[in-house]
Structures are given as C-alpha cells and as structure tokens.
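> The following block contains the structure, expressed as structure tokens.
The values are calculated or read from the model by the stated rules, or taken from the named source; none is laboratory data. Just so it is clear, the model here is predicted, and its values are computed rather than measured. Here the Cβ positions follow ideal geometry from the backbone for every residue, glycine too, while neighbour counts run over all protein chains shown.
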Amino acid sequence: MDRVRIKKAISTISNHDKVKRALNELKEIRELTLREQIAITEIEAPTFEEAKRGEYFANMLKEAGVQDISTDNHGNVFGVRKGSKTNSPRLVVCAHLDTVFPAGTSVKAIKKDGKIFAPGIADDGRGLAVVLTLARIMDQLEISTIGDVMIGATVGEEGLGDLYGVKGLFKDRDDIDGFISIEPGSPQRIIFSGTGSRRHRVTFTGPGGHSFGDFGTPSAIHALGRAVSEIADIIVPSEPKTTYNVGEIKGGTTVNTIAEQASMIIDLRSTDQTVLTSLEKDVMAVIDKAARIESNRGGDGTISVSKELVGDRPAGSQEESDLIVQVAGECVKQIGLEPLFSAPISTDSNVPISLGVPSLTLGGGGGFGGAHTVNEFFDPTDDFLGPRQILLTVLALSGVDKVSEPLLEKRT
C-alpha cells in the first residue's frame, strides 16, 4: 500500500467531526486518565498474581462500554468493540497487568514536583489507563470502527512470566489480524521488532568433599567457573544485535567444602531467531565441555549437569516500510511530532511478530524514569499526546464506519 493512500486515510479520519472531538477530549480528560493510572497501580500485581488487578480492570472495561468481557484460562482480560462489517480485520489493543515487584512492595502513589512516584506507575500502569481511556472515548462519542477491536490486558509479560499471557492468547485464537501493545514512553516511539531471548537455569552437581582431605575431587563450582569463563569468550555478531549474560550464580556451603552443587541463570538474546538458536547451541556445548573437563581431573566422582529452560521469548522483525509501521508513523506526524522508529526490545508484541501478525508497541505518552525500581515515576507533561496517537492508529487500521476503510488487511 502506498504512502499517499495511508496519508489520505489518516487525514480523512482526523478531520471527521467525531474524531476531532475525541482528540480534543483526550486532553480534557487527561486528569481522569491519570487518576485511573494511579488506582490501577495501587493494586498489587506481581507476575503470576494478577487476578485482583485483572478483576478491577474487567469492571473498568465494562464501565467504558466494552462488550463480551471475559478472563481466559491464562488470566488475560479481554472484551470487544464489534465492528460494523463482518469479515473485516480484527485488531487487538492491550497493555499488561503484571509488574516486576514482589507481593508486599508498597505501591502507594506519591505526588512530588509534578511527578507521580510508585512502583509500576509507568510500566504498565500507564498502558492500562490508556487502554481504558481509548475504550471510553470511542464509546462516549459513538465512534464505530469497521473491524472488530479487541480491548484488554495480558498477564505474565514481565521477567520469568515469559510472555505467557500473550502466548496463550495466540495459541487459543487464529482470528487476530493486527496487534498493538501499549507501554510507557513517548508517542513518537514506534517499536516494530522484538528481541528474542532464551534463558536457562544450569545446575552442576558433583560428589563434594573436604577441600583439603578430598582435594582433586571434581567441584561443581569449578565446573561452573570454567563454563562462565568460556562463555565470556564467545564472539557474537553486532548485527543482528546478539548478547549473552550470566546474571545469577549460586552454590557451595563453606569455604573449606568442595561444592556439591552450583547453578547459574544465563540470558541469551538476539533480534534474529536463527542467530539466537546458534548461540544457544554454542553455550550448551561450552557447559557440557566444562562438566567433562572437571570430571576428568583424576579425582573420585564426576560432574553432572542439568539445564532448565526458564525463559523463551521469540524474536521477530518487521520493516520500516511495512504497512502497520507506516500507519503509526503518519499518525505521529498527524499530532505534530516526528516518528522515532525504535530499536528492537522485548514486549508482548514479540509473539505476534514472530507469527507474522502485523504488530506494534506504542508509547502511552508522558515521561517516566526508574522503571523496574521502587523509585519509578511518571511525568504527566503532555501525556495526552500518547492516547491521541494511538487512537488515530487504531482507527486507521480498523477503519471508521462511513468514513474510511480499514488499512489493516484481513489475514487468510
């Protein structure tokens, strides 16, 4: 699809009376959006423990006019705004319910120097509040899309949640034609590629013994150390960006004990799935080699090694020239900004991108800092620009009844 057609469609939608009112109203109701952001944030939602926040969010979706709301067996909460025409593209718009913070973390919001401080206030309290605002404004102004818009929230996006919510969503459904996730950040930022990751908990186990009396017995810690040293020497490509990291090490009992057990968690990442698979193969070979060398030291016993996959996020890429990316870029221009096409990161969009579903992660507006720390904050300066840009993107992709046909295509 040529850019002229995209630009014309977005201009037509932006100048439609109801949409113009909506864009103005998004600024007027920014305080309501912020209050909802705070209310959501103050409900604890550690990964795997999102049920209470999910129940609250479901009730808020209902108040915002979303229909057929349900919580699936994964914990995802979704409803739908039905489109005006059958057999039209279906677009998902969502944020994630979970936070990185454990239960018991104080999530009380504190206002200071024009900012709001609270763990999770930006990631993804902002995204969830924007989802509700978009649903409400479309309902109140009776903006009818041509395609269905699924509106809601996923679980398990953070950390060892490993995107299990969005994985489950796409495992259960084959009728999604486009996907937008909302994260904190500038409305200029367009994320259209996903960094894949494979995470392993590796455990070395040996006979153990006394450091002096049993000297020469294979040590689990020594085997682990050999592995870490050789992993650190692996050369990876800079393009596609590919990385590795040993992020956690445990093992041993006392200074004078040959360790019976030692473990580490390894994080492997790449924007290319094939390269990621190759790196993983090399790292696993290094680990086996380290266990073998330590076992052959000449002492009694051997080192065994177990590998547990604890994280699997698929990599995926799209082009700047792809339709969904160009639509978002033109919508950024429509609100008076210049688009910033972001480098790949890991978000819920990884999964649909890897499956070939046109997908984006967009910024909910405002500023933020301290993400994933207890000092996280949200700066509401010009925050209304985020919902404006996302609303236009949603309407352009889904089409507006009697105004503009969907730019998103129905997948076969």
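> Outside the structural domain of Ile190 (by TED's automatic domain parsing), in contact with a Lys or Arg (Cβ under 9 Å, 6 or more places away or on another chain) and not acidic (Asp, Glu): is that true of Thr217 in this structure?
yes
> May I pose another question? Would you check if Ser88 is surrounded by 13 or more Cβ atoms within 10 Å (Cβ to Cβ), in the same structural domain as Gly178 (by TED's automatic domain parsing) and over 22 Å from Glu31 (Cα atoms)?
Judged against the criteria, Ser88 is a match.
One line per residue, one yes/no per condition, for (1) of a type outside the set (Val, Ile, Thr); (2) touching a strand residue (DSSP E or B) at 6+ places or on another chain (Cβ under 6 Å):
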residue: Glu239; (1), (2): yes, no
residue: Thr253; (1), (2): no, no
residue: Val286; (1), (2): no, no
residue: Ala290; (1), (2): yes, no
residue: Asn296; (1), (2): yes, no
residue: Val305; (1), (2): no, yes
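> Hey, another quick one. Restricting attention to the stretch 91-121, and to residues there that are surrounded by fewer than 23 Cβ atoms within 10 Å (Cβ to Cβ) and within 22 Å of the chain's Cα centre (by Cα), which single residue is nearest to Pro387 (Cα to Cα)?
Phe117
> Is it true that Ile40 is in contact with an Asp or Glu (Cβ under 6 Å, 6 or more places away or on another chain) and farther than 14 Å from Leu391 by Cβ?
No; evaluated as a whole, the condition is false for this residue.
> Tell me yes or no: at least one residue of the stretch 283-292 is more than 30 Å from Val351 (Cα to Cα) and within 31 Å of the chain's Cα centre (by Cα).
no
> While we're on this one: Suppose the filter is closer than 22 Å to Pro184 by Cα and in the same structural domain as Gly156 (by TED's automatic domain parsing); does His96 pass it?
So His96 fits the description; yes.
> Return yes when Leu128 is in contact (Cβ under 8 Å) with a residue 12 or more places away in the chain, of a type in the set (A, V, I, L, M, F, W, C) and surrounded by fewer than 24 Cβ atoms within 10 Å (Cβ to Cβ) and no when it is not.
The answer is no for Leu128.
> Would you mention how many residues in the stretch 341-390 are part of a loop (DSSP other than H, G, I, E, B) and under 22 Å from Lys167 (Cβ atoms)?
Residues meeting the conditions: 10.
> Which ranges mark the strands (runs of 3 or more DSSP E) fully within the stretch 118-236 that have 2 or more residues being touching an Asp or Glu at 6+ places or on another chain (Cβ under 6 Å) and closer than 30 Å to Thr302 by Cα?
Counting at least 2 such residues, we get 196-205.
> State which residue is farthest from the chain's Cα centre (by Cα) when the search covers only the stretch 249-277 and only residues that are modelled with pLDDT of 95 or more and acidic (Asp, Glu).
It comes out as Glu260.
> A further question on this structure: Go through the stretch 285-340 and report how many residues are of a type in the set (D, E, K, R), in the same structural domain as Thr217 (by TED's automatic domain parsing), in a helix (DSSP H, G or I) and surrounded by fewer than 20 Cβ atoms within 10 Å (Cβ to Cβ).
3
> Let me ask you something else. Test Asp282 against the criterion of being of a type in the set (D, E, K, R) and outside any helix (DSSP H, G or I), and give yes or no.
In short, no.
> Tell me the residue from Ser278, Ser186 that is under 30 Å from Asp322 (Cα atoms) and crowded, with 19+ Cβ neighbours inside 10 Å, please.
Ser186
> Could I ask something else about it? Sort through Gly299, Gly251 and tell me the only one that's on the phi > 0 side of the Ramachandran plot and either touching a residue at least 60 places away in the same chain (Cβ under 8 Å) or not hydroxyl-bearing (Ser, Thr, Tyr) (or both).
Going through Gly299, Gly251 in turn, the sole match is Gly251.
> So which of Pro344, Pro352 ends up being surrounded by 20 or more Cβ atoms within 10 Å (Cβ to Cβ) and either in the same structural domain as Val228 (by TED's automatic domain parsing) or modelled with pLDDT under 95 (or both)?
Matching residue, one of Pro344, Pro352: Pro344.
> For the stretch 237-277, name all the residues that are within 29 Å of Thr205 (Cα to Cα) and in a loop (DSSP other than H, G, I, E, B).
Gly252, Thr253, Thr254, Val255, Asn256, Ala259, Glu260
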